[in-house]
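Student: The structure under discussion is supplied below as structure tokens; questions concerning it will follow.
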Amino acid sequence: MISAGVDEVGRGPLAGPVIAAAVVLPHDFDLHGLTDSKLLSAKKRSALNDLIMQQALYWSLGRSDVEEIDRVNIFNATLLAMKRAVESLAVRPDVSLIDGKWVPKLACRTRAIVKGDLTEPCISAASIVAKVARDREMCVLHADYPDYGFERNKGYATAQHLQALRCKGVCRAHRRSFAPVREVLSAQSQLIF
């Protein structure tokens, strides 16, 4: 039976995409240190990511960009990113193990596992692959928009990011449907009139 682990990263930030990964591991896969990506240092995540890429039978990414997040909301955008990740696999899994409480509509069986990134190696692997991919993308966005500190905060609402948002305004990478960004846009439009 082919099982795919699925996890996403980027639901909470004010900027950037939400990215999901789907990973199918060999049955004898045993990689020490596999866990929820948020519990790992960036260096450890990157090293594990390289090993996962080398040893996984299949892996893929799915994403939902800022415009889609604003259009369909973050919940639906997250499910779409997960669905795209699973559908991009080179093989159709028999079952997809999804981290969390909610599952996307897929052409295979699904099982939601709360905190699955702590208990299921394939979900842990997906968590790491998604996090590394998104972090790298946020570093690329930082080159385009250096004032917001995306290489450090990855789009999350840190004090420095919120200050930059108030001083510099909203950039193309920001999610306009998120309250702090909406408030800045509202304040800017009030200043115009």
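The values are calculated or read from the model by the stated rules, or taken from the named source; none is laboratory data. Values in this document were obtained by computation on a predicted structure and should not be read as measured data. Every residue, glycine as well, gets a Cβ built from its backbone with ideal geometry; the counts of neighbours run over all protein chains shown.
Student: Just to be sure I understand the filter: pairs with C-beta atoms under 7 Å, separated by 6 or more residues or on different chains, first member in region 39-59 and farther than 11 Å from Val129 by Cα, second member among the small types (Gly, Ala, Ser) and not in a helix (DSSP H, G or I). Which pairs pass?
Tutor: Lys44/Gly33; Tyr58/Ala90
Let's see how each residue does on (1) modelled with pLDDT of 95 or more; (2) of a type in the set (A, V, I, L, M); (3) in contact with a strand residue (DSSP E or B) (Cβ under 6 Å, 6 or more places away or on another chain):
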{"position": "Val114", "(1), (2), (3)": "yes, yes, no"}
{"position": "Arg134", "(1), (2), (3)": "yes, no, yes"}
{"position": "Tyr148", "(1), (2), (3)": "yes, no, no"}
{"position": "Gly155", "(1), (2), (3)": "yes, no, yes"}
{"position": "Gln163", "(1), (2), (3)": "yes, no, no"}
{"position": "Phe178", "(1), (2), (3)": "yes, no, no"}
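Student: Which condition number in (1) in contact with a Leu (Cβ under 9 Å, 6 or more places away or on another chain); (2) crowded, with 19+ Cβ neighbours inside 10 Å; (3) closer than 15 Å to Ser3 by Cα is the one that Tyr58 fails?
Tutor: (2)
Student: Right, another one. In the set Ala22, Ala15, which member is within 13 Å of the chain's Cα centre (by Cα) and under 20 Å from Val114 (Cβ atoms)?
Tutor: That would be Ala22, the only listed residue that is within 13 Å of the chain's Cα centre (by Cα) and under 20 Å from Val114 (Cβ atoms).
Student: Would you be able to say whether some residue in region 116-125 is surrounded by 19 or more Cβ atoms within 10 Å (Cβ to Cβ) and without any contact (Cβ under 8 Å) to a residue 40 or more places away in the chain?
Tutor: no
Student: Might you let me know whether region 181-192 holds any residue that is under 27 Å from Asp28 (Cβ atoms), of a type in the set (A, V, I, L, M, F, W, C) and touching a strand residue (DSSP E or B) at 6+ places or on another chain (Cβ under 7 Å)? So that I can check it myself, show each step before the final result.
Tutor: Our first condition is that a residue be under 27 Å from Asp28 (Cβ atoms); within region 181-192, this holds for none.
The answer is no, given that none of the residues of region 181-192 is under 27 Å from Asp28 (Cβ atoms), of a type in the set (A, V, I, L, M, F, W, C) and touching a strand residue (DSSP E or B) at 6+ places or on another chain (Cβ under 7 Å).
Student: Now for a separate question. So which of Cys139, Cys122 ends up being farther than 22 Å from Leu185 by Cα and either in contact with an Asp or Glu (Cβ under 7 Å, 6 or more places away or on another chain) or acidic (Asp, Glu) (or both)?
Tutor: Just one listed residue meets the conditions, Cys139.
Student: Anything in region 71-101 that is hydrophobic (A, V, I, L, M, F, W, C), over 16 Å from the mean Cα position of the chain (by Cα) and surrounded by fewer than 19 Cβ atoms within 10 Å (Cβ to Cβ)? List them, or say none.
Tutor: Val72, Ala90, Val91, Val95 - these are the residues of region 71-101 that are hydrophobic (A, V, I, L, M, F, W, C), over 16 Å from the mean Cα position of the chain (by Cα) and surrounded by fewer than 19 Cβ atoms within 10 Å (Cβ to Cβ).
Student: Further, regarding this structure: Out of the residues in region 25-44 that are within 14 Å of the chain's Cα centre (by Cα) and surrounded by fewer than 23 Cβ atoms within 10 Å (Cβ to Cβ), which is nearest to Glu67 (Cα to Cα)? Steps first, answer last, please.
Tutor: Filtering region 25-44 for residues within 14 Å of the chain's Cα centre (by Cα) gives 36-38.
Cutting the leftovers down to surrounded by fewer than 23 Cβ atoms within 10 Å (Cβ to Cβ) gives us 36, 38.
Numbers: Asp36: 28, Lys38: 26 Å.
It comes out as Lys38.
Student: Still on this structure: Pick out, from region 117-172, the helices (runs of 4 or more DSSP H) lying fully within it that include 2 or more residues that are of a type in the set (A, V, I, L, M, F, W, C).
Tutor: Details: elements: 121-144, 150-153, 159-168.
Those helices (runs of 4 or more DSSP H) span 121-144, 159-168.
Student: Suppose we filter Gly169, Gly149 for residues that are farther than 29 Å from Asn49 by Cα and either in contact (Cβ under 8 Å) with a residue 12 or more places away in the chain or not polar (S, T, N, Q) (or both); which single one remains?
Tutor: Values: Gly149 fails: farther than 29 Å from Asn49 by Cα.
Only one candidate qualifies: Gly169.
Student: For region 140-158, enumerate the residues that are among the basic types (Lys, Arg) and surrounded by fewer than 16 Cβ atoms within 10 Å (Cβ to Cβ). Give the derivation first.
Tutor: Step one: of region 140-158, the residues among the basic types (Lys, Arg) are 152, 154.
Within region 140-158, just Arg152 meets the criteria.
Student: If you go through region 159-184, how many residues are under 15 Å from Arg71 (Cα atoms), of a type in the set (Gly, Ala, Ser) and exposed (fewer than 14 other Cβ atoms within 10 Å of the Cβ)?
Tutor: Total satisfying the criteria: 1.
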